[in-house]
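The next block holds one structure in the form of structure tokens; read it before the comments.
The values are calculated or read from the model by the stated rules, or taken from the named source; none is laboratory data. These figures come from a predicted structure and were not determined experimentally. Reconstructed Cβ throughout: ideal geometry from the backbone, glycine too, with neighbour counts over all protein chains shown. These accessible areas exclude ligands, DNA and RNA; they are computed on the full protein's heavy atoms, side chains included. Shrake-Rupley method; radii C 1.70, N 1.55, O 1.52, S 1.80 Å.
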Amino acid sequence: MLRIAIQAKGRLNEQSIDLLSEAGIGVAESKRKLISRADGFPMEVLYLRDDDIPQAVAMGVADLGIVGLNEVAEKNFPVERTMDLGFGSCRISLAVDRTADYNGLDYFRGKRVATSYPNILARFFAEKGIDAEIHTIEGSVEIAPAVGMSDAIFDIVSSGGTLISNGLVEVEKVFYSEAVLIANPELDEDKRRETAQLTFRFNSILESRGMKYVLMNLPQEKLDEAITILPGMRSPTVLPLAQEGWCSIHAVICESQLWERIERLKALGAEGILVLTLENMIR
Ligand code: ATP
Ligand code: MG
């Protein structure tokens, strides 16, 4: 039986539970439990602080974990990065006072930089040959320059609103992160097989995101032209209609192409167009 560690509360908690649940794995949402048995899959769920997930997986306390790549890279424990999960995107950036005369990375030589990600930052500065003082602080990094604790910060940015309200400006985007599935590198054969089942389900879910199932009626004579507009897993499904000279076509279309394709199909004479949400796409 697999044991997976997820964030107990915080930004990744809900989407981790949602992903498991879309994969047919029911997880108790009780925030007070440390561990619970999942429904629908041989799995236990361990609820941890995100900082502790890489270590728990490296030690084998959990077999798998869902955690931000930023935590994995910062902690640097020996874990396998099994798959990227497409949520929790953010970046870690260097930011300086808005009034600073920033002229490139050399600006940081001899400067004090406050961060909760000292290892990622130290690796970056070492790579660029920059000698700066790194000050590790756990929270409220963005106020460090204003209170005189540092000259710059290295912190998570998503929209940039927090930086602006603290009089800072993002000057270097250093590290891009999203939630990832990590695994203990020494899983036995049974656990590897169960992990493969899980990643198969996750992949199907991620692939179907942003896809729509479209059906419409079309004059038979326009079929060949319509097929060139409609992509599908293999090719669109075509069914005859009771009315002579008409058929019904079904296809899967990526959301970003949906309206452009529909306009072209309408121009061909398509009618009764239905667009449905796709729950899963199993290849
Ligand atoms: P914990 O109590 O589990 O230690 P935390 O306060 O350290 O939680 P959260 O703020 O819940 O962490 O963020 C969890 C993860 O969400 C981050 O490590 C990062 O991977 C991701 N994330 C995505 N967007 C943001 C953002 N705007 N700010 C912070 N984290 C973000
Ligand atoms: Mg944390």
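The figures follow:
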quantity: Search result, residues across the range 59-74 that are surrounded by fewer than 18 Cβ atoms within 10 Å (Cβ to Cβ) and not hydrophobic (A, V, I, L, M, F, W, C); calculated: 60
quantity: In the range 3-27, the residues that are within 16 Å of the chain's Cα centre (by Cα), in a loop (DSSP other than H, G, I, E, B) and at negative phi; calculated: 11, 12, 23
quantity: Residue in the range 92-115 that is within 24 Å of the chain's Cα centre (by Cα), outside the structural domain of residue 184 (by the TED database), at pLDDT 95 or above and not hydrophobic (A, V, I, L, M, F, W, C) present; calculated: yes
quantity: Some residue of the range 48-58 being under 19 Å from residue 198 (Cα atoms), open to solvent by 60 Å² or more (accessible area, probe 1.4 Å) and basic (Lys, Arg); calculated: no
quantity: Residue among 163, 121, 198 that is assigned to a helix (DSSP H, G or I), farther than 30 Å from residue 82 by Cα and away from ligand 2 (no atom under 16 Å from the Cβ); calculated: 163
quantity: Selection status of residue 165, modelled with pLDDT under 95, open to solvent by 50 Å² or more (accessible area, probe 1.4 Å), closer than 18 Å to residue 177 by Cα and not assigned by the TED database to the domain that holds residue 11; calculated: no
quantity: Residue within the range 252-269 that is farther than 30 Å from residue 24 by Cα, of a type in the set (S, T, N, Q), open to solvent by 30 Å² or more (accessible area, probe 1.4 Å) and in a helix (DSSP H, G or I) present; calculated: no
quantity: Given (1) within 16 Å of ligand 2 (Cβ to nearest atom); (2) more than 29 Å from residue 164 (Cβ to Cβ); (3) modelled with pLDDT under 95, number of the condition residue 9 does not satisfy; calculated: (2)
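Residue by residue, here is whether (1) surrounded by fewer than 17 Cβ atoms within 10 Å (Cβ to Cβ); (2) in contact with a Leu (Cβ under 9 Å, 6 or more places away or on another chain) holds:
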site	(1), (2)
178	yes, yes
186	yes, no
195	no, yes
227	yes, no
235	yes, no
